[in-house]
1. Taking the chain as a Gaussian network, where each spring joins two C-alpha atoms under 10 Å apart, which residue of A97, A176, A52 fluctuates the most?
2. Do you know the relative contact order of the chain, to the nearest whole percent, from alpha carbon pairs under 8 angstrom that are 6+ apart?
3. If one takes the longest principal axis of the Cα atoms in the chain, at what angle in degrees, from 0 to 90 and to the nearest 10, does the Cα axis of helix 187-200 lie?
4. Sequence gap at least 6, Cα distance under 8 Å: using those rules, report the relative contact order of segment 90-200 to the nearest whole percent.
5. What residues have an amide H closer than 5 Å to that of V27, excluding those fewer than 5 places away on the same chain, when H is modeled at 1.01 Å from N in the peptide plane?
6. For the ranges 100-110, 9-19, what's the packing order if you count other beta-carbon atoms within 10 Å of each residue, average per peptide, and put the highest first?
7. Could you state the number of Å between the C-alpha centres of segment 66-99 and segment 133-182?
8. For segment 101-190, with the dipole built from +1 on Lys and Arg beta-carbon atoms and -1 on Asp and Glu ones, taken about the Cα centre, which of M170, F182, G148 lies farthest toward the positive end?
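The values are calculated or read from the model by the stated rules, or taken from the named source; none is laboratory data. Nothing here was measured: the structure is a model prediction, and the numbers come from that model. Here the Cβ positions follow ideal geometry from the backbone for every residue, glycine too, while neighbour counts run over all protein chains shown. Heads up: the accessible areas ignore ligands, DNA and RNA and are worked out on the full protein's heavy atoms, side chains in. Shrake-Rupley method; radii C 1.70, N 1.55, O 1.52, S 1.80 Å.
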Amino acid sequence: NVVGLTAGVSPNVDFLKSSKIELGRGVKVNRFLETNIKDVYAIGDCAEQHEAIGNRRTIEAVWYTGRMMGETLAQTICGNPMQYNPGHWFNSAKFFAIEYQTYGWVFSEKMKSQFEEHFHWKHKDDTKCITVAYHKETKKFLGINTFGIRMRHETFDKWLTEQQEIDYVMKHLSEANFDPEFYKHYEREILEAYNHQLKIV
Ligand SMILES: Cc1cc2nc3c(=O)[nH]c(=O)nc-3n(C[C@H](O)[C@H](O)[C@H](O)COP(=O)(O)OP(=O)(O)OC[C@H]3O[C@@H](n4cnc5c(N)ncnc54)[C@H](O)[C@@H]3O)c2cc1C
């Protein structure tokens, strides 16, 4: 009953094959976004890091990393050499009526480490849910996935940098809400479900 269409994205770098620029799947670059040829750089979907940065892929085909690479490279070519540092992972997308956002790392059941614990909340109308990942022992907040509720990037980025604990994040979740005015808010309901789960555990 379901068709999953995943067309994917691949760098279109065939026109560079006759050049001396080093290619892999994309244009190979170092952390300064430099290719092997002096004064030739690559950024965005076509840039391929020699080494993956953290848990990221060597090619990151998302809009905001392209923008960050542009900002970084502008510094370098204006005389302030700067390494590309994408910070905490995040992404947001809207696919027809489905809004999806992710901040930090929330791994699937198969991929997650033995220390990664999840809190999951789903609204009874089946159109909104969140999954929050945290470290089982230290309780450190690791990341969040949201469907149908918009959250604020800056807030989660700050909490990840501050290494906040899951309790703090759940109590302050409304500060991260980014839904337009007159939207219904669910943070109280989510916090109640979280506290209820704590009592059970
Ligand atoms: C269907 C789809 C959905 C997406 N959804 C999301 C999303 O929800 N969130 C997200 O973060 N990202 C999303 N992306 C990825 C995002 O769009 C890209 O990461 C971003 O646009 C890359 O920017 P860029 O400038 O590197 O490359 P591009 O935007 O691809 O720009 C490259 C430009 O170079 C031009 N060009 C190519 N070859 C030549 C040539 N030989 N000479 C001159 N010009 C040339 C092209 O015409 C194009 O305008 C999506 C991509 C697709 C395809």
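1. Taking springs between Cα atoms under 10 Å, the residue moving most is A97.
2. Values: 294 pairs, mean separation 23.0, N = 201.
Over the chain, the number comes to 11 percent.
3. Rounded to the nearest ten degrees, it is 70.
4. That works out to 22 percent.
5. HN-HN under 5 Å from V27: A47, E48.
6. Values: 100-110: 15.5, 9-19: 11.7.
By packing density, highest mean first, the sequence is 100-110, 9-19.
7. 21 Å
8. Farthest towards the positive pole: G148.
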